[in-house]
1. Determine the shape class of segment 584-744: with a ≥ b ≥ c the square roots of the Cα gyration tensor eigenvalues, call it rounded for a/c under 1.5, and otherwise prolate if a/b is greater than b/c, oblate otherwise.
2. Taking the 0 to 90 degree range and rounding to the nearest ten, how far is the long axis of helix 194-212 tilted relative to the main principal axis of the chain, both from C-alpha atoms?
3. Inverting the mean 1/r over all pairs of different Cα atoms, compute the Kirkwood radius of segment 354-413 and quote it in Å.
4. What is the helix-to-structure angle for 75-84, meaning the angle in degrees between its Cα long axis and the longest Cα principal axis of the chain, kept from 0 to 90 and rounded to the nearest 10?
5. Quick one: which residues, 5+ away or cross-chain, put their amide H under 5 Å from the amide H of Leu44? H built at 1.01 Å from N.
6. Taking the number of other C-beta atoms within 10 Å as the exposure measure, put Tyr192, Tyr376 in order starting with the fewest.
7. What ranking of Glu689, Glu196, Glu532 emerges when the number of other C-beta atoms within 10 Å of each C-beta is taken as an exposure proxy, fewest first?
8. For segment 591-598, take each phi angle, set θ = phi - 60°, evaluate the Karplus expression 6.51 cos²θ - 1.76 cosθ + 1.60, and give the result in whole Hz per residue in order, putting x for glycine and proline.
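Derivation of every value follows stated rules applied to the coordinates shown; laboratory data play no part. Predicted model only: the values in this text are computed from it and were never measured. Note: ideal-geometry Cβ built from the backbone for every residue, glycine included; neighbour counts use all protein chains shown.
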Amino acid sequence: MTGPLRIGTTIADSTPEFTPRPRPPRGAPNVVVIVLDDLGFGQLGCYGSDIATPTIDGLASDGLRFNRFHVTALCSPTRAALLTGRNHHSVGMGFLTDVPIGFPGYDGRIPPSAATLPRILRDNGYATFAVGKWHLAPRWEQSAAGPFGQWPLGLGFERYYGFLGGDANQWTPELVSDNGFVDPPTTPEAGYHLTEDLVDRARRLILDQQHARPGAPFFLYFAPGAVHAPHQAPREWIDRYRGHFDAGWDAWRDQLFTSQIDRGIVPVDTTLTERPTWVPAWNELSGDQRRLYARQMECFAGYLSHTDDQIARLLDTLRQLGTLDDTIVVLISDNGTSAEGGPIGSHNEHRFTHDRMDDFDDSLGRIDDLGGFRAYNHYAWGWAWAGNTPFRLWKRYTWLGGVRTPLIVSWPSRLSPVAGQVRNQFCHAIDVMPTLLDAIGITPPSVVDGVEQQPIAGSSLIPAFLNPTDPDPRTTQYFEMLGSRAIYHDGWKATTDHVGKQISIERELVTGSHDFEADHWALFDLRSDFAESTDVSAEHPDIAADLQARWWAEAESYQVLPLDDSFIGRATALEPNPNPIRWRTRYLPGGGPIAEDALPGMGGGFVLHLDIEVGPAANGVICALGDWNNGWAVYLKAGVPTATFNLFGDLHRASASDPLTPVTHRITVDYRRHDSGGGPLTLLVDGDEVGSVVLPIDLPFRWQIGGTGLRIGSDHGFPVSDDYAVPATFDGTIHEVTIEIPAFAPRPDPATTVGQALQRE
């Protein structure tokens with residue numbers, strides 16, 4: 001017998017009372033949410049593609065496919081909307097969390113007033129796991145110093161394994177386990193691949209929980225990062241598609257559209273949007289162009305099929321546990337296809353963030369590296385256009401090509417009567433959380449940790465599961481991303497032709513307005529125009545004007561303003577780095593990787609001092625950041641010091657002629673930036689110049705898109721150059737590494753200087 005609590009002299013005359021533990025509703029199902037990345041509306045087999053995705057197709061045949069599901073056009077905002085049930089601007093995620101700026105809709109932090117789905121489920125007795133891409137912690141909070149409130153464990157998950165940034169090298173990712181950085185369990189040479197590792201960890205978390213508490217429900221958020229660039233997969237998966245795309249993107253798109261109609265994914269009266277002028281016709285390309293672009297798509301297809309195979313391993317775990325039938329599996333993509341490879345694709349996607357185009361001949365010469373260790377590749381944007389069939393445009397735009405993606409829901413024990421059907425209700429990422437809470441039987445709390453919760457904007461889709469004619473969960477939904485704007489209302493959609501400033505080649509080639517005041521609002525009747533193909537704004541000016549007014553009202557309500565169509569330009573309002581500006585920063589060996597954003601800004605010029613002690617013919621890395629795709633390192637080889645800067649795959653070395661004598665030395669690397677960018681880099685030993693090189697371009701403002709860290713005493717992943725093999729552990733002694741930024745060096749006090757001069761006289 002327990003409670004009410006009574007404490008007597010002995011236990012015999014006392015009554016215990018235990019703190020109640022949260023318990024899930026009776027019969028609560030497990031929940032698995034799979035978030036794929038940069039996957040277009042038409043790229044899955046069950047949405048019309050001939051790319052092999054049998055596991056995902058199986059989920060669709062056991063459940064439902066939605067053909068009018070919408071997202072936000074970028075990754076961080078969609079993930080925030082999905083996990084909170086609120087519109088992305090209203091939870092501070094109007095843009096990527098990497099660029100937090102000083103306005104409420106864009107500060108990159110989910111507020112306490114928007115408790116997340118994992119937090120609510122955890123408070124109701126669920127075990128909660130996140131595995132894979134996070135991309136919801138602000139730029140300055142992704143280091144080992146935290147703070148950790150916006151990391152997965154700070155937002156309701158009990159366990160986490162994955163990567164914090166927007167993408168990752170599939171062979172050598174920068175990984176986090178719970179709240180600490182860890183190295184991958186093995187090497188790429190030993191067969192490591194990120195997606196496989198993530199499934200291994202997800203299986204382990206589920207098995208550990210189910211073995212300890214059999215039958216207790218869990219929530220797994222599985223976000224592998226696929227199929228975001230780099231499009232890297234085991235070679236055998238890529239080679240399965242050799243020759244498959246030789247007919248080109250025009251023919252593949254036509255075939256895809258026919259398949260979509262046959263499968264009932266798009267209505268039979270759908271008008272296929274035309275190929276835009278900035279995507280060349282396949283038959284107008286040269287033979288070399290076709291060969292390169294077809295291989296790029298083979299890499300993507302192999303990557304997607306490999307991902308599907310890994311999802312099969314994850315689902316097999318549930319099947320073996322006997323829990324799959326009573327598990328809700330939701331699969332989405334966070335935005336439409338990515339055109340971030342530009343018109344010719346990219347051998348090294350790091351160039352995209354720096355607005356640099358690849359050289360075609362160079363990419364063609366490296367064609368055999370695509371998909372493997374030596375490439376960070378992305379396909380040409382003709383494939384992005386085709387992958388969003390039947391829509392126009394792609395990721396970062398609020399046209400349907402950017403915001404309409406697959407949604408698959410599988411729940412065998414409940415959806416078997418309607419298995420394999422298509423639903424056409426207009427819905428959005430904000431509907432996922434209320435749908436899952438409704439399915440489980442949990443009422444969203446009005447107060448969490450004493451904080452009143454802001455209204456949930458989404459609505460449950462449970463009524464639509466069994467009733468194909470159930471009304472849409474809402475009549476109005478706004479969209480905004482990088483100045484591209486749209487609004488849906490009562491079957492109509494108005495979309496601007498705004499083209500932002502983020503990529504110069506896109507701004508030059510993609511047709512549209514560059515001035516908010518001059519934007520044209522095209523109008524589409526989505527009830528009869530599934531693909532957003534025919535602008536009827538001239539025929540219905542009153543409806544077009546009404547939708548514009550509604551957009552501005554929604555913008556006021558959800559913290560959308562002020563509008564900004566730039567990427568780098570946002571730096572003018574960028575949240576200040578919390579690390580104080582220092583002209584000299586010291587680092588000691590023995591710590592983990594130092595996050596890029598925690599390092600001083602070195603692009604304007606720097607002096608690097610390395611105080612070491614060596615024996616004869618010493619070897620190894622003294623410090624390194626990045627890899628052979630983009631990075632720099634200072635190392636000894638047979639005692640000879642070298643500083644190598646790898647700028648987007650192009651090597652620049654400053655190396656000594658003679659080895660160091662076995663004694664204590666100070667190696668210095670001094671970079672002086674020219675006003676026009678680039679500049680001389682000098683290598684010194686004990687103050688004497690021993691080598692130099694001129695860097696032809698500016699240093700990248702970020703060396704690794706997926707995040708990396710400065711390592712001292714060894715390297716990790718892939719090397720910066722083939723001069724050494726990872727880990728290249730330094731076999732001498734490192735006393736300290738010091739970075740100086742001359743622009744911030746202390747200046748003498750003029751008054752003191754004058755006084756000293758008078759005293760000398």
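1. Details: a/c = 1.39, a/b = 1.22, b/c = 1.14.
Judged from the Cα gyration tensor, segment 584-744 comes out rounded (a/c under 1.5).
2. Helix 194-212 sits roughly 60 degrees off the main axis of the chain.
3. Values: mean 1/r = 0.0690 Å⁻¹.
Answer for segment 354-413: a Kirkwood hydrodynamic radius of 14.5 Å.
4. Tilt relative to the chain: about 50 degrees.
5. Correct list: Ser49.
6. On the way: Tyr192 16, Tyr376 29.
With the sparsest Cβ surroundings first, the list reads Tyr192, Tyr376.
7. Details: Glu689 13, Glu196 18, Glu532 23.
Neighbour counts put them in this order, fewest first: Glu689, Glu196, Glu532.
8. Running phi through 6.51 cos²θ - 1.76 cosθ + 1.60 with θ = phi - 60° gives x, x, x, 9, 4, 3, 6, 8 Hz.
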